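*Asks:* The structure that follows is given in the form of structure tokens.
The values are calculated or read from the model by the stated rules, or taken from the named source; none is laboratory data. Predicted model, so just to flag it, every value in this text is computed and none were measured. Positions of Cβ are generated from backbone atoms using ideal geometry, with glycine treated the same way; all protein chains shown enter the neighbour counts.
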Amino acid sequence: MSHHVEKRTVDMDIIGEWVEPGTRVLDLGCGHGTLLTYLKQTKRVIAVGVDMDFNRVSTCVQRGVTAYQGDMHAFMREFPDGYFDRVICSRTVQELDDPTGVILEALRVGRAVTVGFVNHGFWKNRLDALFRGRKTRNAVYTTEWFESHRSNPVTVDDFNHFCAIKEIKVKRRVHLLGDWKTPCPVLPNFFAGYALYELTK
């Protein structure tokens, strides 16, 4: 199993534990539909995805996942309050033009919101920036700058601060070390490579 696939598997396992069987799930930035396919197979959810990339949406449809191409904020505005049992924003939040608006809208249409992101404050990222003077590249950030998506890096402390000032409740959270498997016992802003949060109003 490749390291990329292994990281995706750990992510899916944790999110899968939080998803109730047979519920309505919306995946923002659904990509190729890997997560939604997994949730449909294991939890029999009613799955919907939205992504800006036409090729990714096409892959979702080929997999039997309902997905729409377009702006996720505009897409969510079409639904009433609490329509979805869970909205998922996994590895997408750092690429959003308006993360506040998207997360608040997700909290309106969803009873719970799952947010997962790579922790830019991870200690190896800090050392890379300090000593190499170049874009961070390691097991957490694997791509060169010219291979990367637009990104507004976020740290665990950044996200905690965001939740506090927006008065968003954090129902539960998981911080993983740089191996993407082991729970981070202390100082997650420094030692965690990846973070998952479950948010509610």
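*Asks:* With the condition being within 29 Å of Asn160 (Cβ to Cβ), in contact with a helix residue (DSSP H, G or I) (Cβ under 9 Å, 6 or more places away or on another chain) and of a type in the set (A, V, I, L, M), I'd like the helices (runs of 4 or more DSSP H) fully within the stretch 1-109 carrying at least 1 qualifying residues.
*Replies:* Counting at least 1 such residues, we get 3-18, 34-43, 72-76, 99-109.
*Asks:* Looking at (1) farther than 19 Å from Leu104 by Cβ; (2) without any contact (Cβ under 8 Å) to a residue 12 or more places away in the chain; (3) more than 16 Å from the chain's Cα centre (by Cα), find the lone condition where Glu17 falls short.
*Replies:* It is condition (3) that Glu17 fails.
*Asks:* Follow-up question, since we're still on this one. Which numbered condition trips up Lys40, out of (1) buried (at least 18 other Cβ atoms within 10 Å of the Cβ); (2) without any contact (Cβ under 8 Å) to a residue 12 or more places away in the chain?
*Replies:* Every listed condition holds for Lys40 apart from (2).
*Asks:* Checking the condition modelled with pLDDT under 95 and aliphatic (A, V, I, L, M), which residue from Val118, Val174, Val113, Val109 passes?
*Replies:* Val118
*Asks:* Give me the pairs, please: first residue somewhere in the stretch 105-122 and over 12 Å from Leu26 (Cα atoms) and free of Cβ contacts under 8 Å to residues at least 40 places away in the same chain, second residue anywhere and among the polar types (S, T, N, Q) and crowded, with 20+ Cβ neighbours inside 10 Å, beta-carbon distance under 7 Å, and either six or more positions apart or on two chains.
*Replies:* If the second residue must be among the polar types (S, T, N, Q) and crowded, with 20+ Cβ neighbours inside 10 Å, the pairs left are His120/Thr155.
*Asks:* Only one residue in Thr66, Thr92, Thr100 is surrounded by fewer than 21 Cβ atoms within 10 Å (Cβ to Cβ) and touching a residue at least 24 places away in the same chain (Cβ under 8 Å). Which one?
*Replies:* Thr100
*Asks:* What single numbered condition from (1) crowded, with 18+ Cβ neighbours inside 10 Å; (2) part of a strand (DSSP E or B); (3) free of Cβ contacts under 8 Å to residues at least 60 places away in the same chain fails to hold for Val170?
*Replies:* For Val170, the failing item is (1).
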